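Derivation of every value follows stated rules applied to the coordinates shown; laboratory data play no part. Treat the numbers as computed from the prediction; the structure is a model and nothing was measured. Backbone-built Cβ (ideal geometry, glycine too); neighbour counts: all protein chains shown.
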Amino acid sequence: MLGAAAVAGTAAAAASSDGRRPIWSDQGDAPFNDGPEKPVYDRRRSKTKAKSGGDAGGEAGEIVKTVVFALLIAFVLRVLLFQPFTIPSASMEPNLYEGDYIVVTKWSYGYSRYSIPFAPPLFEGRILSQAPTRGDIVVFKLPRDNKTDYIKRLIGLPGDRIQMVANKLYINGQPVDDVVVSQSQIDDIFGPRPVTQVRETLPGGKVITIQDFGPGNELDDTPVYEVPAGHYFMMGDNRDNSIDSRVEESSGVGLVPAENLVGKAQIILFSWSPGASFWKPWTWFSNLRPSRFFTLLH
């Protein structure tokens, strides 16, 4: 026992004599820091401050990156894939009502400068172009200003001849087949009026439902419209309450250039009846029309 103690004492004395401290460790050898020591509580506080400062900066950076990435994703979705619109009028009844919130697919017809917010003049015409189909519900830029978004149904393709005769639609000299679906009466700004819903079968087989207030209205008889190459003829489903391609471009829509097409309306996400307002939260629920939620458009 004395021998072991003497050896330990001799080792400690030798370590002291050459300026080194003995190493004591339960988990393997780990050298001590020979520099000036601070109290334990002081070292801990310094580390905590440094760590807190670093975390705050890191969190702020992560938030900024998240916001930037979210904006980039939203921009890509908005430009290349989908765009939402709110229906502002009754011109597309009975299929779209004022207050419907719809989604339009941007890729359906390819892309033009009008597919991009603010329509920068990056290129002319359309890229990845796909021809629309007669009967599509289309969002387009109003030709007379190239800024205002309009939504109508595509009735006339390039080369077609379109005419209304005695409240009946003719395409290329042939009357469109139609069948009365229902008759009722509505009250609007013109007072009580009879209204008829008619199912039309367009050339190519597309079946649509339109709304009509009977003969004798302003756009029930028109000249023949010849649709030139690279243009389309648009009409509202609410035939007697729609400013569309039957009205010349200076005061209406006129013929729509292919470049002005924005996309195809696909679905009603949700809907509010007139009177709902973002600034009146109590109207968000009282004016909801749940029966129109997630309605596919035809």
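Some points to look at:
- Alpha-carbon centroid distance for the pair the range 197-228 / the range 234-279, whole angstrom: 15 Å
- Global form of the range 84-175, assessed from the alpha-carbon gyration tensor, a/c cut-off 1.5: oblate
- Residues Met234, Met92, Met164 arranged by fewest to most Cβ contacts within 10 Å: Met164, Met234, Met92
- Net charge dipole, the range 149-277: roughly 360 debye, given to the nearest 20, about the Cα centre with Cβ charges of +1 for Lys and Arg and -1 for Asp and Glu.
- P(r) weight above 31 Å for the range 87-296, C-alpha pairs, percent: 21 percent
- Surrounding net charge for Arg193, when Lys and Arg each add one and Asp and Glu each subtract one, Cβ distance under 12 Å: -4
- The Kirkwood hydrodynamic radius of the range 182-298, based on inverse pair distances between different Cα atoms, is 17.3 Å.
- Equivalent-ellipsoid semi-axes for the range 127-178 (Cα gyration tensor, √(5λ), whole Å, largest first): 24, 14, 10.
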